[in-house]
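Working notes, structure below.
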């Protein structure tokens, strides 16, 4: 992984994070916004596999934990996105994923990511986590992420694919 | 031959581990375990430390980077987010204006004779002390970023920080009433905990009876963004439409006294807990936060014009 590729991936994460906290609150439903950072991790997983995605997920999660409006215990999004990157990466086959695979992966990843985050909050005894409310938030977030998939995933996956080194066809 | 090659490769792999990240076939369990452990240790570090957490300097450093980015993006998109306002017709705006003027006049007379003020005067709880306590200047700032609901906490970023004279534990208000308090600052931004967060507790006073109590957030925004009021004197029943204001604490941290918070909408009594629980509807519309003011001691050096106690800009 060259420096330039790492920087491009990092830039994607930063852009996603800034858009997620500044632009999307204006279209949010009850404060729930699409998790763009998670979509970046999924795009990385589907094109580059679980290891790259897990590392990217960790970096993105730490950024999400520490960037200004966040006030929860740091490391919770990092844990969630490492798992998301790794699991979504396992879905990847060697050929290009079909549209339905991408959508299903995003839905699953979003569900797992938000749930792991919420569960870690319950384990730590953070306030504001009753099961009904959490489930609503998680499901709306899944819906948001799936809705944004057709607009966000293709360019991101294209970018990650171009970052890939030239492969000699086997 | 085969063994030799395998040995070399495994030796090399240790040094080229970053390139192995691209290897699709055999995802490394060890890497996953390492990353999960890193996350868990980060959680442990931060949850054990509380406010003196070792993660706090890192948080501040990350904030210094992301703060200007968020402020910049918010400034760029502000003209776009204002677009829905243009589509309202002149007539509807006129109608709205007269309705608001009428409402404003009504509110003014209501405020002039509000129970809280009368009680406060009657009690004469040290006018000099009150003047001292209320002697705050306001740092005007715009909200540039909102935390998502998925994080289950209600925080926002404002585009004024320690350079504008803002310190942690200062009160944040807007035109309508109490917004929250400052959690932490960077040079150019500050993170504000909204009073509707489930972790927020505000000391409140019911204007009509001067009874004291504690306001806790429910964690919802929008119409359901309500607060629960639990009174210290459990025999007291707050009346509907009573106004609740902050009672503040010594030195005005974290909340300065006398800031309107909300209005009582309903009262529940719980037989088991033998306490009264009132539901408060906040005056502030947390779904549409924009311009806020941070209460700082009068005369604080700042990088921008402050709104002084007498209403002048300085």
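The values are calculated or read from the model by the stated rules, or taken from the named source; none is laboratory data. Just so you know, these numbers come straight off a predicted model, no measurement behind them. Cβ sites come from the backbone with ideal geometry, for glycine too, and all protein chains shown count toward neighbours.
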Inset, instruction - Could you check residue A:152 against (1) touching a helix residue (DSSP H, G or I) at 6+ places or on another chain (Cβ under 7 Å); (2) at the interface with another protein chain (Cβ under 10 Å from one of its Cβ atoms); (3) farther than 14 Å from residue A:80 by Cα and say which number it fails? - result: (2)
Inset, instruction - Would you be able to tell me the number of residues in the range B:147-201 that are under 12 Å from the mean Cα position of the chain (by Cα) and assigned to a strand (DSSP E or B)? - result: 20
Legend entry - Members of the range B:57-79 that are more than 7 Å from every other protein chain (Cβ to nearest Cβ) and more than 16 Å from residue B:161 (Cα to Cα): B:75, B:76, B:78, B:79
Legend entry - Inter-residue pairs, beta-carbon under 7 Å, first over 24 Å from residue B:176 (Cα atoms) and in the range B:252-279, second buried (at least 20 other Cβ atoms within 10 Å of the Cβ) and at pLDDT 65 or above, 6+ apart: B:269/B:276; B:276/B:231
Legend entry - In the range A:5-29, residue nearest to residue A:139 (Cα to Cα) [restricted to those that are more than 10 Å from chain B (Cβ to nearest Cβ) and either touching a residue at least 12 places away in the same chain (Cβ under 8 Å) or touching a helix residue (DSSP H, G or I) at 6+ places or on another chain (Cβ under 6 Å) (or both)]: A:16
Legend entry - Of residues in the range B:41-56 being surrounded by fewer than 16 Cβ atoms within 10 Å (Cβ to Cβ) and part of a helix (DSSP H, G or I), the one farthest from the other protein chains (Cβ to nearest Cβ): B:52
Legend entry - First in the range B:101-116 and within 16 Å of residue B:209 (Cα to Cα), second anywhere and at pLDDT 70 or above and assigned to a helix (DSSP H, G or I), Cβ under 6 Å, 6 or more apart: none
